[in-house]
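These notes concern the structure reproduced below.
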Amino acid sequence: MMGRSPDHVASTLSGVYMGLDVLAQQEGARAEAFADYFHYARDNDLFLTYTIINPQADRSKTAGGQPQRDLVAQVIDRNADGIVIRGAKMLGTSAVVANELLISCIQPLGEDDTDFAFTAAIPLNAPGIKMLSRRSYEAHAASEFDYPLSYNFDENDAVVLFEDTPIPWSRVFVLDSPSALAAQFYQTPAHVYQNYQCIVRFTVKIRFLLGLARKVADVNGTIAFPQVKDTLGALAAKVSLLDGVVAGMEVRGSEHNGYYIPNNEMLCAAQATAQLMYPEIVDTIRDMCGGGVIMLPSSIADLEDEETWSLLQRSQMSPAVNSIERIKFFKLVWDAIGSEFGSRHLQYEKFYSGAQFVLNGHNFRNFNWDSATGLVDGFMGTYSHPRESMNP
Ligand SMILES: Cc1cc2nc3c(=O)[nH]c(=O)nc-3n(C[C@H](O)[C@H](O)[C@H](O)COP(=O)(O)OP(=O)(O)OC[C@H]3O[C@@H](n4cnc5c(N)ncnc54)[C@H](O)[C@@H]3O)c2cc1C
């Protein structure tokens with residue numbers, strides 16, 4: 001239930017470190033600064049999050065082409081101590097609780113967008129950092145019993161603004177180079193490692209949702225219906241399929257500078273599939289629940305009053321559990337799939353690694369096309385027409 005737990009950006013840093021030679025080629029001495037920072041973050045067990053997407057404004061224009069020139073975080077000055085940045089990044093999940101922030105850009109930049117092409121790390125209490133958080137679902141959860149997930153796992157998301165924030169040279173890893181920026185993610189194992197963390201997390205999350213689905217059928221006495229078994233079987237297949245792809249990407253990985261890297265073709269496929277799968281799973285659970293997630297007491301306050309409690313006991317029935325267990329269960333289901341917390345999770349799974357066209361682009365670029373077109377060419381080579389050997 002936490003997308004940007006501390007192991008996420010730790011995976012990014014680890015991936016860049018595994019490809020330090022690429023950073024050294026592109027950025028020279030900045031690779032040493034990165035290596036020092038990697039050791040510092042690791043040895044101090046820092047919780048890092050990152051902001052690598054520019055704020056939405058006019059998506060038809062590049063970072064530098066936005067009407068408001070200082071919208072997107074950019075380098076506005078450089079001096080003997082380091083750089084100074086100004087502008088915003090779109091979303092920093094967990095920024096309000098993390099120790100430090102990695103600032104970069106994974107979106108394609110124009111050749112002239114050099115001011116926007118930097119990677120740096122700063123503590124989140126550095127001067128000039130402002131965070132504008134969305135509403136806290138945790139703060140608005142009536143109680144743990146009413147909203148058990150919101151109450152425990154709300155990793156807030158914040159727009160992060162930099163108001164002339166100084167960053168020392170020891171924390172600047174890429175500067176002035178859109179191509180080095182892309183290389184840092186795609187030519188090192190960084191992108192693979194960060195997404196490998198995501199997909200492992202995802203398989204656990206959908207197994208939890210599958211557990212909810214199965215229990216809905218048990219609690220509502222629908223488990224014996226053939227259609228319900230069919231629905232649960234189809235959901236179980238999705239969960240097992242993703243588990244299988246994770247196992248596959250581990251078995252078919254390869255070595256990079258002595259480190260083992262999961263298979264990127266399978267990883268990209270898993271991510272694009274997961275992005276479509278999550279809304280389907282949520283929608284199926286909603287179908288299975290009917291109004292069960294709505295016919296619930298407004299809060300635990302209702303349970304305190306003896307008269308209301310006796311009414312609840314008469315109206316909250318199940319063949320499998322008692323009244324209080326039924327209430328507890330369906331409140332959990334609603335928090336997972338329907339509350340503001342659950343709804344944010346749907347949006348997260350649809351977008352955390354990019355919109356669908358971005359993920360399909362990764363699949364297009366990483367798929368071994370020769371393995372497919374070679375089969376076609378091979379077969380077409382088994383028969384011929386005399387005109388094929390003539391000039392057109
Ligand atoms: C809950 C949540 C948490 C997040 N946490 C983080 C975080 O911690 N750190 C971070 O850096 N980012 C984070 N993000 C941002 C996330 O990375 C972006 O949302 C994601 O990259 C998609 O970008 P976007 O939201 O600007 O959507 P857009 O790129 O604007 O896309 C939105 C839609 O517009 C259309 N569209 C836009 N451009 C094109 C195009 N070129 N071609 C075709 N269609 C197009 C598509 O329909 C697309 O689905 C988070 C997002 C969410 C929702």
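Rounding to the nearest 10 and keeping the result within 0 to 90°, find how far the Cα-based axis of helix 190-220 lies from the longest principal axis of the chain. For helix 190-220, the angle is close to 10 degrees. At a Förster distance of 22 Å, what's the computed FRET efficiency of Asn125 paired with Ala35, Cβ-Cβ distance as r, to 0.05? Efficiency, rounded to the nearest 0.05: 0.35. With the highest mean first, a sort of the peptides 201-207, 219-225 on other beta-carbon atoms found within 10 angstrom per residue produces 201-207, 219-225. Ranked by the mean number of other Cβ atoms within 10 Å per residue, highest first, peptides 332-344, 121-133 order as 332-344, 121-133.
Taking Cα atoms only, the orientation of helix 369-380 departs from the longest principal axis of the chain by about 90 degrees.
For the chain, take the longest principal axis of its alpha carbons; what is the angle in degrees between that and the long axis of helix 340-351, to the nearest 10 within 0 to 90? The angle comes out near 30 degrees. Summing charges over all other residues whose Cβ lies under 13 Å from the Cβ of Leu132, with Lys and Arg as +1 and Asp and Glu as -1, gives +2. The Cα-based radius of gyration and maximum Cα-Cα distance (Dmax) for region 7-186 are 16.9, 55 Å. Find the all-direction average of the projected area of the Cα convex hull for region 330-387, expressing the result in square nanometres with one decimal place. Convex hull of Cα atoms, orientation-averaged projection: 7.5 nm². From most to least packed by mean Cβ count within 10 Å, the peptides 348-360, 108-120, 12-24 give 12-24, 108-120, 348-360. Once the convex hull of all Cα atoms in the chain is built, its volume per residue stands at 207 Å³. Lysine pair count for the chain with Cα-Cα distance under 19 Å and sequence separation of 8 or more or different chains is 12. Taking the Cα centre of the chain as origin and assigning +1 to Lys and Arg Cβ atoms and -1 to Asp and Glu Cβ atoms, the resulting dipole is close to 760 debye.
Each reported figure results from applying straightforward, stated rules to the coordinates on display, with no laboratory input. Since we're looking at a predicted model, the values are computed, not measured. Cβ coordinates were reconstructed from backbone atoms using ideal geometry, including for glycine residues, and neighbour counts include every protein chain displayed.
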